[in-house]
Amino acid sequence: LNPPQKEAVEHRGGPLLVLAGAGSGKTRVLTRRVAHLIGVQGAFPGSILAVTFTNKAAGEMKERIVSLVGAAGKNCWTGTFHSIGARLLRREAERLGLSRDFTIFDRDDSLSSLRRVLNALGISPKETSPESLLSVISRAKNDMMSPADYERESDGPYERLVAQVYSRYEAALREQNALDFDDLLVQPVRLLRDEDVRQQYAHRFKHVLVDEYQDTNKCQYEFLHALTVDHRQLFVVGDDDQSIYRWRGADLNNILDFERDHPDAKVVRLEQNYRSTSMILGAANSVIRRNIGRKGKELWTENGDGHPVLVMDVQNEQAEALAVLKMIKGCMQEENRTASEFVVLYRTNSQSRVLETTFQQGGVPYQLVGGVRFYERREIKDVLAYLRLLVNPADDTAARRVINVPARGIGKKSLEDLQEFARVHEISLLQAMRRTAEGHGAAIRAAAADKLRGFFLILDGAAARMATSPVAEVTEQILQDTDYEQHLEKENERDAATRWENVLEVLSAMQEFADTPEREDASVAGFLQEVTLATDLDNYEETAPRVTLMTLHNAKGLEFPWVFITGVEEGLFPHANSANEPDGLEEERRLFYVGLTRARERVALFTAAERRRFGGINACMPSQFLDEIDPDFVERKSLAPDYSRGRTGGAYRNYGPGRGAGSGGRSGGSGRAGGSHDEWRGRQPARTVRPSRVDDTPDFIPSYEDESQDGVTVRPGMRVRHPSWGEGVVDAVEGRGEGLKLTIKFRGGVLKKVLAIYAKLELLG
DNA sequence: CATATCCGCATTTTT
DNA sequence: TGCGGATATG
Ligand SMILES: Nc1ncnc2c1ncn2[C@@H]1O[C@H](COP(=O)(O)OP(=O)(O)OP(=O)(O)O)[C@@H](O)[C@H]1O
């Protein structure tokens, strides 16, 4: 630790803020602080509450503590705000009038409940989008506004509508004994408004520590305040330049006003960056300097200059993916790097698709973080819905989910009738279903009622087994009884196998959960909770020999030797929608800063001339952020500018100025410097099976052999040789550029379809 | 009521 | 382009 780091770690008395830029060791300081509190200042592990940004980081911190002080270390509370909130609420459920078995609703469940509310209010989801309503409500909750508060302050017809929906939505959740994600933050604050409870917990948690403080919201602020207002042992670390969650309610003022809110606060600044080369740091600093209202930090490093940030112009997203792939392959081969050293970052999840397919075809293993979460997949949620009903029979959302899975002849109409019956009799949907099955409920068709009886046979059987058997076994029986595998096949033959595998994975997760000794909450509710709060990031294996693909948001707090950022184009990054939000551009810039500062050694930014979006091809302009990087830290390169039908592509060519792209000279868009297609093609050697490297390829672009032929027009009838299949004749040509596929007839009439750039083909004529 | 097919819309980012 | 909701048909 350097002196200021040490000062922070060893600080005694009063609130402390470590305000420091990227890679300056904030997280390290936080971890060491916990160790110091226990090891040197004699704090009990049980008196420590440490909030981390992921559950994984929380687990690692706890492990450290346990290795430091032994089993007692388990008594400290570490976790994300959400998981800590959930844990607190399970303990204190009755005080809030909740049952201990409450269900945590994910976004899907919340939306489903909201849709039902809209339906009951006669509001058409077409006119009023449930998604945007939910986000408004979520925002209100994170700002600690109750439905009544919202109603009071509502202005105009839309807000009045929101107020009404919000209030009904909350009631719907309470009726279902459910909490949404935001409740996990809001309800603990409500809980701590009871002075007795507050004192009890404030007394227990004598040391409260928070990582990534810049992205806390009002609600989290109040939570921390309630716990620390008396003893003032609040230790937070953060970087205002890395706040990227304003859109979900994060309040930068929490960190900006820390000193004002805590007059007795000490602020420690860390200015030495240990992560990145000075080129990368210089590039990142030059970008973030453009934001206004910053605390302002000067970062320096003892690390060497390193290499400039590479800016690559490519034709389209396919060329982009391929270029990334090739660079990674080249580096792995020639610099002996492992796949785990690379991360590919992007602004939107949809950009991962082309990367995935390219990596698959190129045989490079990857690890996708984010996107559709595992436990949000339909088949998984179906299975878990049965468990949810066993734990919490009031969970109408789960009931709605499984009522017709597998098909029981209960469609829209019967469901409506059942829900209406439940509403009139003030019972849960499950109870309405049971009464109907027993013959004194809603009037639905006899066949459907019969199927419902079958449903309860399964559910009640499972409930009975639950007392004696492990969850995994109970679930397995449910799957058998419902013929779920067959259901999957009937539904969609193509995906059935994958889906079933996912289901089996859940079973093994249950087993693992049950087999892990000394769990705080080993109940089924505990399992469901863990699963709902788990993110991909928690399962992320940083040392696995795979390239990481993830959004820039998910990359916060991580570091990699090599960072690729794709899609650095106007409208995508910064995202067009950000223009609608106040200070949206600044937040995008912070996100860019976060991306750049993940890198230890090298950064490559990609900007495409065109990109497929919604099926159409859109022309793209390079992102303004590229111009904002100080030219001294940039090296600009252009890849083969254009591909035309029937020619395999791929050689790197250098068109741009070697250095200092600056702001001028970009008006023509990117990557089109090569003139017309024919002209360009005409200049290529007639036949180059293994082109020598383009001379001016700078040495920091990994040198690799281009595996495709370059500049050759392939036509049906041409003879080729394949290393393993021997000689053959091109039968058909489809696709273009990097996606060029050849159907080749080999000896014996064997037809093979190959991607030209990967098949090591030799052209014979 | 289930199934097949069509159409329209979407992509910002996440617990 | 691809999914999910809406509509038509059996
Ligand atoms: N005093 C130090 N000596 C050597 N290396 C250090 C020191 N402090 C931190 N590091 C290293 O610097 C890197 C960044 O540390 P850390 O992740 O804690 O920074 P951070 O400020 O939390 O970064 P960010 O805000 O970007 O997430 C890590 O690899 C860490 O091991």
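The values are calculated or read from the model by the stated rules, or taken from the named source; none is laboratory data. Since the structure is predicted, the reported quantities are computational estimates derived from the model, not experimental observations. Heads up, the Cβs are rebuilt from the backbone with ideal geometry, glycines too, and the neighbour counts pull from every protein chain shown. What goes into the accessible areas is simple: the full protein's heavy atoms, side chains included, and nothing from ligands, DNA or RNA. Shrake-Rupley method; radii C 1.70, N 1.55, O 1.52, S 1.80 Å.
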Test: residue in the stretch A:544-561 that is touching a residue at least 12 places away in the same chain (Cβ under 8 Å), of a type in the set (Phe, Trp, Tyr) and closer than 19 Å to A:Val354 by Cα: no
Considering only residues of the stretch A:555-569 that are small (Gly, Ala, Ser) and part of a loop (DSSP other than H, G, I, E, B), which is nearest to the ligand (Cβ to nearest atom)? A:Gly557
Just one of A:Gly664, A:Gly616 is surrounded by fewer than 17 Cβ atoms within 10 Å (Cβ to Cβ) and either modelled with pLDDT of 95 or more or within 16 Å of DNA strand B (Cβ to nearest atom) (or both); which is it? A:Gly616
How about the stretch A:448-471: which of its residues are touching a residue at least 24 places away in the same chain (Cβ under 8 Å) and charged (D, E, K, R)? A:Lys451
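Please tell me if A:Asn142 is touching a Cys at 6+ places or on another chain (Cβ under 6 Å) and of a type outside the set (A, V, I, L, M).
Taking the combined requirement at face value, the residue satisfies it.
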Which members of the stretch A:282-317 meet the condition of being among the aliphatic types (A, V, I, L, M) and under 18 Å from A:Ser243 (Cα atoms)? A:Ala284, A:Val287, A:Ile288, A:Ile292, A:Leu299
Scanning the stretch A:377-396 residue by residue, those farther than 24 Å from A:Asp495 by Cβ and out of contact with any strand residue (DSSP E or B) (no Cβ under 6 Å at 6 or more places or on another chain) turn out to be A:Leu389, A:Leu390, A:Val391, A:Pro393, A:Ala394, A:Asp396
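How many residues are closer than 21 Å to A:Lys141 by Cα and either within 16 Å of DNA strand C (Cβ to nearest atom) or buried (at least 22 other Cβ atoms within 10 Å of the Cβ) (or both) if we restrict to the stretch A:225-243? Break it down stepwise before answering.
Initial filter on the stretch A:225-243 (closer than 21 Å to A:Lys141 by Cα): A:225-227, A:243.
Still in the running and either within 16 Å of DNA strand C (Cβ to nearest atom) or buried (at least 22 other Cβ atoms within 10 Å of the Cβ) (or both): A:227, A:243.
Residues in the stretch A:225-243 being closer than 21 Å to A:Lys141 by Cα and either within 16 Å of DNA strand C (Cβ to nearest atom) or buried (at least 22 other Cβ atoms within 10 Å of the Cβ) (or both): 2 in total.
For the stretch A:41-141, which fully contained strands (runs of 3 or more DSSP E) count at least 2 residues that are closer than 27 Å to A:Arg232 by Cα, away from DNA strand C (no atom under 16 Å from the Cβ) and not assigned by the TED database to the domain that holds A:Arg401?
Numbers: elements: A:48-51, A:77-79, A:103-105.
By residue number, A:48-51, A:77-79.
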Would you tally the residues in the stretch A:94-116 being farther than 18 Å from A:Gln529 by Cα and open to solvent by less than 10 Å² (accessible area, probe 1.4 Å)? 2
Qualifying residue in the stretch A:336-344 (condition: more than 16 Å from DNA strand C (Cβ to nearest atom), touching a helix residue (DSSP H, G or I) at 6+ places or on another chain (Cβ under 7 Å), open to solvent by 10 Å² or more (accessible area, probe 1.4 Å) and free of Cβ contacts under 8 Å to residues at least 40 places away in the same chain): no
Check the stretch A:531-546 and report whether any residue there is touching a Leu at 6+ places or on another chain (Cβ under 8 Å) and acidic (Asp, Glu). yes
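Yes/no per residue for (1) closer than 30 Å to A:Ile458 by Cα; (2) in contact (Cβ under 8 Å) with a residue 24 or more places away in the chain; (3) open to solvent by less than 20 Å² (accessible area, probe 1.4 Å):
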| position | (1), (2), (3) |
| --- | --- |
| A:Tyr346 | no, yes, yes |
| A:Val369 | no, yes, yes |
| A:Leu384 | yes, yes, yes |
| A:Ala394 | yes, yes, no |
| A:Gly411 | yes, no, no |
Filter the stretch A:423-450 down to residues that are open to solvent by 30 Å² or more (accessible area, probe 1.4 Å) and assigned to a helix (DSSP H, G or I), then give me how many there are. 9
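Going through the stretch A:237-251 one residue at a time, which ones are in contact with a Leu (Cβ under 8 Å, 6 or more places away or on another chain) and under 16 Å from A:Asp211 (Cβ atoms)?
Answer for the stretch A:237-251, where residues must be in contact with a Leu (Cβ under 8 Å, 6 or more places away or on another chain) and under 16 Å from A:Asp211 (Cβ atoms): A:Val237, A:Gly238, A:Asp239, A:Asp240, A:Ser243, A:Ile244.
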Select, from A:Glu420, A:Glu379, the only residue that is surrounded by fewer than 21 Cβ atoms within 10 Å (Cβ to Cβ), at pLDDT below 90 and assigned to a helix (DSSP H, G or I). A:Glu420
Within the stretch A:400-424, track down each residue that is more than 10 Å from DNA strand B (Cβ to nearest atom) and farther than 17 Å from A:Thr475 by Cβ. A:Arg400, A:Gln419, A:Glu420, A:Phe421, A:Ala422, A:Arg423, A:Val424
What do you reckon, is A:Phe359 crowded, with 22+ Cβ neighbours inside 10 Å, in contact (Cβ under 8 Å) with a residue 60 or more places away in the chain and under 25 Å from the mean Cα position of the chain (by Cα)? yes
Residue within the stretch A:123-137 that is of a type in the set (A, V, I, L, M), surrounded by fewer than 17 Cβ atoms within 10 Å (Cβ to Cβ), farther than 20 Å from A:Trp247 by Cβ and more than 22 Å from the chain's Cα centre (by Cα) present: no
Report yes if A:Ala178 is away from DNA strand B (no atom under 13 Å from the Cβ), in contact with a strand residue (DSSP E or B) (Cβ under 7 Å, 6 or more places away or on another chain) and among the aliphatic types (A, V, I, L, M), otherwise no. yes
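Give A:Gln624, A:Gln529, A:Gln511 a once-over and let me know the one that is within 20 Å of A:Ala283 (Cα to Cα), more than 16 Å from the ligand (Cβ to nearest atom), open to solvent by 10 Å² or more (accessible area, probe 1.4 Å) and not aliphatic (A, V, I, L, M). Before you say what the answer is, go through the steps one by one.
Working: A:Gln529 fails: within 20 Å of A:Ala283 (Cα to Cα); A:Gln511 fails: within 20 Å of A:Ala283 (Cα to Cα).
None of the others qualify; the one that does is A:Gln624.
When you look at A:Ile565, is it more than 16 Å from DNA strand B (Cβ to nearest atom) and buried (at least 20 other Cβ atoms within 10 Å of the Cβ), yes or no?
no
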Of the residues in the stretch A:147-167, those that are open to solvent by 40 Å² or more (accessible area, probe 1.4 Å), among the hydroxyl-bearing types (Ser, Thr, Tyr) and in a loop (DSSP other than H, G, I, E, B) come to none
Restricted to the stretch A:570-600 and to residues being touching a Pro at 6+ places or on another chain (Cβ under 7 Å) and in a helix (DSSP H, G or I), the residue nearest to DNA strand C (Cβ to nearest atom) is A:Glu588
Quickly run through the stretch A:17-40 and pick out the residues that are part of a helix (DSSP H, G or I) and surrounded by 23 or more Cβ atoms within 10 Å (Cβ to Cβ). A:Lys26, A:Val29, A:Leu30, A:Arg33, A:Val34, A:Leu37
May I ask you to list pairs of residues, at least six apart or on different chains, whose Cβ atoms are under 7 Å apart, with the first in the stretch A:8-37 being assigned by the TED database to the domain that holds A:Phe258 and the second being in a loop (DSSP other than H, G, I, E, B) and within 16 Å of DNA strand B (Cβ to nearest atom)? A:Thr27/A:Asp211; A:Thr27/A:Gly557; A:Leu30/A:Asp211
Would you confirm whether or not the stretch A:260-268 contains a residue that is closer than 24 Å to A:Glu586 by Cα and hydrophobic (A, V, I, L, M, F, W, C)? no
